[in-house]
């Protein structure tokens, strides 16, 4: 498994490729989540109806929650290098964020309520990511 030198010393001195990738995705999603939150609070507050603004804010909230979850996946990828579970969970989180939060953003910005029909698919992916992490906890730790 390919590794990359990280912060000198500490626990991130050797980071797996998948760990690094998930950390980068988490950082990008965290950045865009903060930007979307600011956009919603300042740019959309006077433009959107309150119910659509709440929909937008729900998308931001779940994006941020799962950006943090991806940071945990990145860490788990480095300590459980033999396991595929972190990667599966990570990709479920990424897909879930894109579909769940993305559909809510589109719904809020367009007012087309049909996009809400896609949102549960993203929610199922997010739930799947958490289930994979839950069951990964039962695997023996090689340490």
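Peptides 17-29, 93-105 ranked from most to least packed give 93-105, 17-29, packing being the mean of other C-beta atoms within 10 angstrom over each peptide's residues.
Once the Cα atoms are used to define both axes, helix 119-136 deviates from the longest principal axis of the chain by about 20 degrees. Counting only alpha carbon atoms, the long axis of helix 50-79 and the longest principal axis of the chain meet at about 10°.
Where does helix 17-38 land angle-wise versus the long Cα axis of the chain, in degrees 0 to 90, nearest 10? The two axes meet at around 20 degrees. The calculated FRET efficiency for the pair residue 42 and residue 117, based on their C-beta separation and a Förster distance of 30 Å, comes to about 0.55. Listed from fewest to most Cβ neighbours within 10 Å, the set 134, 115 follows the order 134, 115. Ordered by the count of other Cβ atoms within 10 Å of each Cβ, fewest first, 109, 92 give 109, 92.
Bear in mind that the values in this text are calculations on the coordinates, not laboratory data. Note that the structure is predicted; figures quoted are calculated from it, not measured. Heads up, the Cβs are rebuilt from the backbone with ideal geometry, glycines too, and the neighbour counts pull from every protein chain shown.
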